[in-house]
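Chemist: One structure follows; several queries about it will come next.
The values are calculated or read from the model by the stated rules, or taken from the named source; none is laboratory data. Because the structure is a prediction, the values reported are computed rather than measured. Because the Cβ atoms are built from the backbone with ideal geometry, glycine has one as well, and the counts that use them run over all protein chains shown.
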């Protein structure tokens, strides 16, 4: 399966930001919220310079980030807020372990790519990602290869979430 | 030969356990907190036609984030959990009982060799007793409540060998901070096993401190092979015969040696737990508030260390000293001895048991520009309020409360 979308490079001083933690993504003061739709407006609400992300993001967009994205708390909200915004995928150099699970279980595509810094991609560029091969293309040309999703990860993604996946096994 | 995590997993799955494999893992102990608990319930009601769960005797709610609720939203969420628990016959460790990951240790529910999950990213604290514990999001936890299992990618294991014996005074928190500094980026998504003389002798409280910060090291879990103290503790508490899981001649992804002979009081500067410096290299930082507690340093041994330093003294003027025992059991032990009196007389505010500052809980947040020394595990921007949080041991926190500046215990 392939998805297309517009890239947001989450950068600071021209470099993809590392260690974006769950409090930066979705601050603990909004944890009482249990409705997913309501979480959209708080995505990156505690990440300096990115507080207006929910207004700028469009359905289908793709996020690029550095190492250890989503480290910190186990809050599903930090995944749900991006689903509510319609984000298509997050590509990072690496993810916090719990964050990665939470994203997979919710059907939000997350891909790891060590060489993400090397990509000749700017914020606003349209790219295409193939989840099975990990290929990332711009203007039809492969510019990067991310680690493809593993089998179970991909199956949960296709099913939509862990609950629906489990019904089918 | 298998590592500790591989051995525990193989006892809990029919699939082949091998690093990199994804397996279905049976979970012995399933918990949710007041944070995310309501979302767990909502997931169950939304995705399943029957509201009943797989095994209520293995399932618990532990309220520790906002205890008692100081907002109506949190109170509503707790009530959603209580009502669901009543219908299902699930036991609730309600507000006041303490931090869930500690409660399951004290109650003898989490013991060496078991698998456990909770909606707490520090649930891997159970590595301190040789159990597999893992924090998970509300989808995973709802799924585990319903089915008793979840999928897990078997991680590689890194063996960490502590070399040497410290000559200067040190605490388990200093050891944990050293590990965050040394292991960051090297153990991301890995299990860790800790070895060396320094951990063999570590008390259960010290083991909890070290294991609690594996999340900040980026690891999945850090196992400390149970010693006699841990085994005795459980033999008494659980009434079960305890069979700890040890690794014999295991194959590791890599081994990392950490020299601890120069270990000394350390402190993590904001805004990252890995921003670790020696306390003696941090000068002229005026402190406004001090927080003693959290799942990292909320045991009675931590309180004892603080009381010893504060005994017969008063904290500096205009310092707020917030003390929060991890559990009600710790509270009782503090009352039995002189600890409570000494902390009170020194000027501390002593609150009931819960996560407190780490979860915007009951003891208040820091304001813009406020400097806080905290014994907790995270100092990310905004985590404990709008101010700057420095992470340190109970000893350093107590010494800093006395002088009003970041101070090592050897300087007072």
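Chemist: Please state which of the following conditions residue B:161 fails to meet, knowing it meets all the rest: (1) in a helix (DSSP H, G or I); (2) more than 21 Å from the chain's Cα centre (by Cα).
Modeler: (1)
Chemist: Still on this structure: Any residue in the stretch B:169-177 that is more than 10 Å from chain A (Cβ to nearest Cβ), at pLDDT below 95 and not in a helix (DSSP H, G or I)?
Modeler: Yes; the residues of the stretch B:169-177 include at least one that is more than 10 Å from chain A (Cβ to nearest Cβ), at pLDDT below 95 and not in a helix (DSSP H, G or I).
Chemist: Still on this structure, I have one more. I'm trying to understand the selection: among the residues of the stretch B:119-141, which are part of a helix (DSSP H, G or I) and either facing another protein chain (nearest Cβ under 8 Å) or under 21 Å from residue B:11 (Cβ atoms) (or both)?
Modeler: Hits for the stretch B:119-141 are B:123, B:124, B:125, B:126, B:127, B:128, B:129, B:138, B:139, B:140.
Chemist: Yes or no: the stretch B:236-244 includes at least one residue that is part of a loop (DSSP other than H, G, I, E, B), crowded, with 16+ Cβ neighbours inside 10 Å and touching a strand residue (DSSP E or B) at 6+ places or on another chain (Cβ under 8 Å).
Modeler: no
Chemist: Would you be able to say whether some residue in the stretch A:2-16 is in a loop (DSSP other than H, G, I, E, B), closer than 22 Å to residue A:96 by Cα and within 14 Å of another protein chain (Cβ to nearest Cβ)?
Modeler: No - not one qualifying residue is present in the stretch A:2-16.
Chemist: Something else: Any idea which of B:148, B:89 is closer than 27 Å to residue B:5 by Cβ and not assigned by TED's automatic domain parsing to the domain that holds residue B:192?
Modeler: B:148
Chemist: Still on this model: Considering only residues of the stretch B:142-153 that are crowded, with 24+ Cβ neighbours inside 10 Å and either out of contact with any strand residue (DSSP E or B) (no Cβ under 7 Å at 6 or more places or on another chain) or under 22 Å from residue B:78 (Cα atoms) (or both), which is farthest from the other protein chains (Cβ to nearest Cβ)?
Modeler: B:145
Chemist: Something else about it: Hey, does the stretch A:94-103 have a residue that's within 10 Å of chain B (Cβ to nearest Cβ), more than 27 Å from residue A:37 (Cβ to Cβ) and in a helix (DSSP H, G or I)?
Modeler: yes
Chemist: Would you pick out the residues in the stretch B:185-201 that are more than 14 Å from chain A (Cβ to nearest Cβ) and surrounded by fewer than 24 Cβ atoms within 10 Å (Cβ to Cβ)?
Modeler: B:195, B:196, B:197, B:198, B:199, B:200, B:201
To keep it simple, each residue is scored yes or no on (1) within 19 Å of the chain's Cα centre (by Cα); (2) free of Cβ contacts under 8 Å to residues at least 40 places away in the same chain; (3) more than 22 Å from residue A:102 (Cβ to Cβ).
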| site | (1), (2), (3) |
| --- | --- |
| B:145 | no, no, no |
| B:149 | no, no, no |
| B:152 | no, no, no |
| B:190 | yes, no, no |
| B:200 | no, yes, yes |
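Chemist: Next up: Could you list, in sequence order, the residues of the stretch B:144-158 that are farther than 15 Å from residue B:13 by Cα and in a helix (DSSP H, G or I)?
Modeler: Matches in the stretch B:144-158: B:145, B:146.
Chemist: What residue, of B:53, B:80, is more than 20 Å from residue B:353 (Cα to Cα) and more than 11 Å from chain A (Cβ to nearest Cβ)?
Modeler: B:53
Chemist: Okay, moving on. When you check residue A:64 against the structure, is it more than 14 Å from chain B (Cβ to nearest Cβ), at pLDDT below 95 and within 14 Å of the chain's Cα centre (by Cα), yes or no?
Modeler: For residue A:64, the condition - more than 14 Å from chain B (Cβ to nearest Cβ), at pLDDT below 95 and within 14 Å of the chain's Cα centre (by Cα) - is not met.
Chemist: Something else about it: Kindly provide the set of residues from the stretch A:118-168 that are in a strand (DSSP E or B) and within 14 Å of chain B (Cβ to nearest Cβ), ordered by number.
Modeler: Selection gives A:147 alone.
Chemist: Can you say whether residue B:345 is modelled with pLDDT of 95 or more and within 14 Å of chain A (Cβ to nearest Cβ), as far as the supplied structure shows?
Modeler: Here the answer is no, as residue B:345 does not meet what is asked.
Chemist: Another question, if that's okay. Tally time: how many residues in the stretch B:26-37 are within 14 Å of residue B:82 (Cβ to Cβ) and either modelled with pLDDT of 95 or more or more than 10 Å from chain A (Cβ to nearest Cβ) (or both)?
Modeler: Result for the stretch B:26-37: 3.
Chemist: I would also like to ask the following. Which of the strands (runs of 3 or more DSSP E) found entirely inside the stretch B:292-392 contain at least 3 residues meeting this: in contact with a helix residue (DSSP H, G or I) (Cβ under 6 Å, 6 or more places away or on another chain)?
Modeler: B:320-324
Chemist: In the stretch B:356-381, how many are within 14 Å of residue B:269 (Cα to Cα) and within 14 Å of chain A (Cβ to nearest Cβ)?
Modeler: Of the residues in the stretch B:356-381, 6 are within 14 Å of residue B:269 (Cα to Cα) and within 14 Å of chain A (Cβ to nearest Cβ).
Chemist: Being surrounded by fewer than 20 Cβ atoms within 10 Å (Cβ to Cβ) and under 26 Å from residue B:214 (Cα atoms) narrows it down to one of A:41, A:29, A:59, so name that one.
Modeler: A:29
Chemist: For the stretch A:17-42, which residues satisfy the criterion of being touching a residue at least 12 places away in the same chain (Cβ under 8 Å), assigned to a loop (DSSP other than H, G, I, E, B) and at the interface with chain B (Cβ under 7 Å from one of its Cβ atoms)?
Modeler: Of everything in the stretch A:17-42, those that are touching a residue at least 12 places away in the same chain (Cβ under 8 Å), assigned to a loop (DSSP other than H, G, I, E, B) and at the interface with chain B (Cβ under 7 Å from one of its Cβ atoms) turn out to be A:19, A:27, A:31.
Chemist: Just to confirm my filter: which strands (runs of 3 or more DSSP E) fall fully inside the stretch B:1-118 and include at least 2 residues that are surrounded by fewer than 20 Cβ atoms within 10 Å (Cβ to Cβ) and within 24 Å of the chain's Cα centre (by Cα)?
Modeler: In the stretch B:1-118, B:91-93 are the strands (runs of 3 or more DSSP E) which contain 2 or more residues that are surrounded by fewer than 20 Cβ atoms within 10 Å (Cβ to Cβ) and within 24 Å of the chain's Cα centre (by Cα).
Chemist: Looking at the stretch B:37-60, is at least one residue farther than 20 Å from residue B:150 by Cα, touching a helix residue (DSSP H, G or I) at 6+ places or on another chain (Cβ under 8 Å) and not assigned by TED's automatic domain parsing to the domain that holds residue B:352?
Modeler: no
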